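Asker: Before anything else, here's the structure in question.
Throughout, read-outs are computed from the coordinates displayed, never taken from laboratory work. In this text the structure is predicted, and so the values were computed from the model without any measurement. Neighbour counts run over all protein chains shown; Cβ positions are idealised from the backbone, glycine included.
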Amino acid sequence: MRTAIIILAAALALAACSGGGSGYDVTYQVGGSGGAQTASMTFFNANGDTTQQGDQPLPWSFSMAGVGSVAYVDISAQNGQGSGTVDCSISVDGQHVASNTAVGGYQICDVHATV
């Protein structure tokens, strides 16, 4: 009986770490400061396809559920103004996993991770 409880506890811990088999929730976030008010985004969606959204107001975010493990996620955000700073980040299951910053007009912030 004690062995069964230990095995069950280990299985539950493994399921929690692996996303429970239903995939991961991934969120891209882009913010701006110092004059950066819009950005053009290019990112991988839940199917691994490239998606583009031009001239989006900042702050901006995009969430997708059920992203499989060993998936490459990436977002690039180009500052739409001649000055300012653009910050981009990726969160997986609510936990921050990667971020980057681009400083200056029309500069590109790029960040990626593997889940």
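Asker: Sorting check: for 85-92, 46-53, 106-113, which peptide has the highest mean count of neighbouring beta carbons within 10 Å, and how do the rest follow?
Answerer: By packing density, highest mean first, the sequence is 85-92, 106-113, 46-53.
Asker: Using amide H atoms built in the peptide plane, which far-off residues or other-chain residues are under 5 Å from Ala36 H to H?
Answerer: Distant-sequence amide H within range of Ala36: Thr85.
Asker: Using a cut-off of 10 Å between beta-carbons, work out the net charge of the residues near Thr42 (Lys and Arg +1, Asp and Glu -1, Thr42 not included).
Answerer: Numbers: positive: none; negative: Asp74, Asp110.
Surrounding charge for Thr42 is -2.
Asker: Report the Rg/Rh value for region 21-114, based on alpha-carbon coordinates and the Kirkwood definition of Rh. Could you put the intermediate results ahead of the total?
Answerer: On the way: Rg = 12.9 Å, Rh = 13.0 Å.
Using only Cα positions, Rg/Rh for region 21-114 is 0.99.
Asker: Compactness ratio of region 65-109: Cα Rg over 2.2 N^0.38 Å, N = residue count? The partial results should precede the final answer.
Answerer: On the way: Rg = 12.9 Å, N = 45, 2.2 N^0.38 = 9.3 Å.
Dividing the Cα Rg of region 65-109 by 2.2 N^0.38 Å gives 1.38.
Asker: Provide the FRET efficiency to the nearest 0.05 for the Asp25-Ser83 pair, computing r from the beta carbons and using R0 = 25 Å. Please list the in-between numbers first.
Answerer: Details: r = 34 Å, r/R0 = 1.36.
Result of the calculation: an efficiency of 0.15.
Asker: FRET efficiency for Gln56 and Val97, Cβ-Cβ distance as r, R0 = 25 Å, nearest 0.05? Don't skip to the end; give the middle numbers.
Answerer: On the way: r = 22 Å, r/R0 = 0.87.
That pair, Gln56 with Val97, gives E of 0.70.
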